[in-house]
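Novice: Starting off with a structure, shown below.
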Amino acid sequence: MAEFPRSLIEFQRRFPDERACAAYLVQARWPGGFRCPSCGHAKGWELSTKAFTWECAGCDRQTSVTAGTVMHASKLPLTVWFWAAYLMATHSNGIAALQLQSQLGLGSYKSAWLLCAKLRRAMVAPGRSPLAGLVEVDETAIPLRRKDDPPSGGQGRSRRGKMLVAAGVEVHDGGPGRVRLATIADFSAQSLHAFVEANLAPGATIKTDGWSGYSGTPGIDHDPHVVGSMAAHIILPWTHRVFANLKTWALGVYHGLRKKHLQSYLDEFTFRFNRRRTRHAAFRSLLGIAVARMPTTYNMLIKPEATA
Ligand SMILES: [Zn+2]
C-alpha cells in the first residue's frame with residue numbers, strides 16, 4: 001500500500017472521490033484480492049447495480065466494502081468520512097464537531113457531532129495491552145469547567161471543581177512510550193493501587209515521586225524517589241509533560257473539561273498520544289478498518305499497524 005498522505009494536498013489527490021475511497025477499503029479489507037467473509041471463496045465480482053458491493057461466486061453472498069467499518073449504512077459520502085478521520089487523526093490537538101462542520105461544509109451541527117462521536121468511539125480500545133517495563137506513575141488535579149463558566153475561565157474559576165487523574169507513562173531509552181490515564185476518586189493507597197493494577201502488567205517497575213500511596217502494589221516493583229515538589233518534574237519528566245499537554249489540550253479544544261465526559265476526553269488524549277508517530281494507524285482505527293470484526297490475517301499479525 002502506498003505511503004500515507006502527509007499533507008492535505010496529498011490526501012486530496014489520493015482520495016478525490018468515492019471510487020478512490022472505496023478502492024482503499026477494498027485494499028485494506030482484501031490485501032490479497034477478494035475473499036468471501038462467509039464461505040472463504042476467493043472468486044467474486046463487484047456489482048454494477050449496488051455501490052461498492054462484491055458478490056461471491058461460491059455462495060452468492062453480497063459484501064459491502066464498508067461492512068464492519070464505522071461507515072457502514074451511513075448516508076454520508078465516503079469522502080466526508082475519510083476527511084473527518086484524516087483531520088481527527090492528524091490534528092495534533094484534535095478537532096471539535098464545530099470545526100468539522102465548517103471545514104467539511106456539513107449541513108448541520110448535529111450531523112457533524114454524530115460523525116465526531118462515531119469516530120471517537122474507536123478511541124477506546126478494550127483489551128489494550130497493559131504498560132510494561134519501567135513506567136512513570138503520577139497523579140494530578142485537573143480543574144473542571146462548570147456549566148455556567150465562561151469559556152475563557154475568568155470569574156467562574158474560583159468556583160471550579162477539580163478532577164483527580166492518574167497517569168502511567170512507559171519509559172523507553174529515556175523517552176516516553178505509551179500512556180494510560182484514568183480518573184481516580186482520591187489519592188489514597190487503595191485508589192492508586194487500583195490504577196496501577198488495572199493499567200500495568202505484572203512485573204512492571206513503577207517510578208514515582210516517593211508518595212507512599214504507591215508502595216506495596218502487588219506484583220509491581222517500586223522505585224520511589226523522595227523529592228520536594230520543586231524537583232518532581234526532574235524525576236518524572238514524562239508524566240509531567242503529559243499532564244501539562246493534557247491541561248493545554250483540554251483548554252484549547254474543549255475550553256475546559258466537563259466532569260461528565262472526563263474519561264472519554266482522557267481516552268481521546270491517550271489515543272492521540274499513543275499514535276503520535278503512526279498517523280496512518282490512527283486514521284484506520286478511527287474508520288474501523290482492520291479491527292476485530294474482520295478475520296485476522298497473517299499480515300495483521302506481523303504488521304501491528306494494520307490492527308492498532
Ligand atoms: Zn461466499
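The values are calculated or read from the model by the stated rules, or taken from the named source; none is laboratory data. Treat the numbers as computed from the prediction; the structure is a model and nothing was measured. Reconstructed Cβ throughout: ideal geometry from the backbone, glycine too, with neighbour counts over all protein chains shown. Remember, those area values only see protein heavy atoms, side chains included, never the ligands or the DNA or RNA. Shrake-Rupley method; radii C 1.70, N 1.55, O 1.52, S 1.80 Å.
Novice: Please work out which one of (1) modelled with pLDDT under 90; (2) outside any loop (DSSP other than H, G, I, E, B); (3) under 23 Å from Gly252 (Cβ atoms) is the condition Trp83 fails and give its number.
Specialist: The one condition Trp83 does not meet is (1).
Novice: Residues in the stretch 38-51 that are out of contact with any Cys (no Cβ under 6 Å at 6 or more places or on another chain) and either at negative phi or not in a loop (DSSP other than H, G, I, E, B) (or both): how many? Give the steps one after another, and end with the answer.
Specialist: Start the filter on the stretch 38-51 by keeping residues that are out of contact with any Cys (no Cβ under 6 Å at 6 or more places or on another chain), which leaves 40, 42-43, 45-51.
If we keep only those that are either at negative phi or not in a loop (DSSP other than H, G, I, E, B) (or both) as well, we get 42-43, 45-51.
So the answer is 9.
Novice: If you check every pair at least six apart or on different chains, which have Cβ atoms under 8 Å apart with a residue in the stretch 10-38 that is without any contact (Cβ under 8 Å) to a residue 24 or more places away in the chain first and a residue that is of a type in the set (Gly, Ala, Ser) and within 16 Å of the ligand (Cβ to nearest atom) second?
Specialist: Between residues of the stretch 10-38 that are without any contact (Cβ under 8 Å) to a residue 24 or more places away in the chain and residues that are of a type in the set (Gly, Ala, Ser) and within 16 Å of the ligand (Cβ to nearest atom), the close pairs are Gly33/Ala42; Phe34/Ala42; Phe34/Gly44; Arg35/Ala42.
Novice: Return the residues of the stretch 144-173 that are closer than 15 Å to Thr183 by Cα and at pLDDT below 80; say none if nothing qualifies.
Specialist: Of everything in the stretch 144-173, those that are closer than 15 Å to Thr183 by Cα and at pLDDT below 80 turn out to be Leu144, Gly161.
Novice: Separate question: Within the bounds of the stretch 99-109, is there any residue that is open to solvent by less than 20 Å² (accessible area, probe 1.4 Å) and either touching a Cys at 6+ places or on another chain (Cβ under 7 Å) or closer than 26 Å to Thr278 by Cβ (or both)?
Specialist: yes
Novice: For the stretch 5-37, which positions are in a loop (DSSP other than H, G, I, E, B), within 16 Å of the ligand (Cβ to nearest atom) and surrounded by 13 or more Cβ atoms within 10 Å (Cβ to Cβ)?
Specialist: Within the stretch 5-37, Trp30, Phe34, Arg35, Cys36, Pro37 meet the criteria.
Novice: For the stretch 213-241, how many residues are among the hydrophobic types (A, V, I, L, M, F, W, C), farther than 17 Å from Gly133 by Cβ and either at pLDDT 75 or above or open to solvent by 70 Å² or more (accessible area, probe 1.4 Å) (or both)?
Specialist: Residues that pass the stated criteria total 4.
Novice: Next up: Quick one: how many residues across the stretch 48-80 are within 15 Å of the ligand (Cβ to nearest atom) and open to solvent by less than 30 Å² (accessible area, probe 1.4 Å)? Steps first, please.
Specialist: Residues of the stretch 48-80 that are within 15 Å of the ligand (Cβ to nearest atom), as a first pass: 53-64, 67.
Then keep just the ones that are open to solvent by less than 30 Å² (accessible area, probe 1.4 Å); that gives 53, 56, 63-64, 67.
Qualifying residue count, the stretch 48-80: 5.
Novice: Now, a different point. For the stretch 254-285, which positions are within 20 Å of Thr239 (Cα to Cα), open to solvent by 50 Å² or more (accessible area, probe 1.4 Å) and charged (D, E, K, R)?
Specialist: Hits for the stretch 254-285 are Arg276, Arg277.
Novice: Let me ask something else about it. Answer yes if at least one residue in the stretch 84-95 is within 16 Å of the ligand (Cβ to nearest atom), more than 16 Å from Leu115 (Cα to Cα) and in contact with a helix residue (DSSP H, G or I) (Cβ under 7 Å, 6 or more places away or on another chain), and no otherwise.
Specialist: First pass over the stretch 84-95, keeping only residues within 16 Å of the ligand (Cβ to nearest atom): none.
There is no residue in the stretch 84-95 that is within 16 Å of the ligand (Cβ to nearest atom), more than 16 Å from Leu115 (Cα to Cα) and in contact with a helix residue (DSSP H, G or I) (Cβ under 7 Å, 6 or more places away or on another chain).
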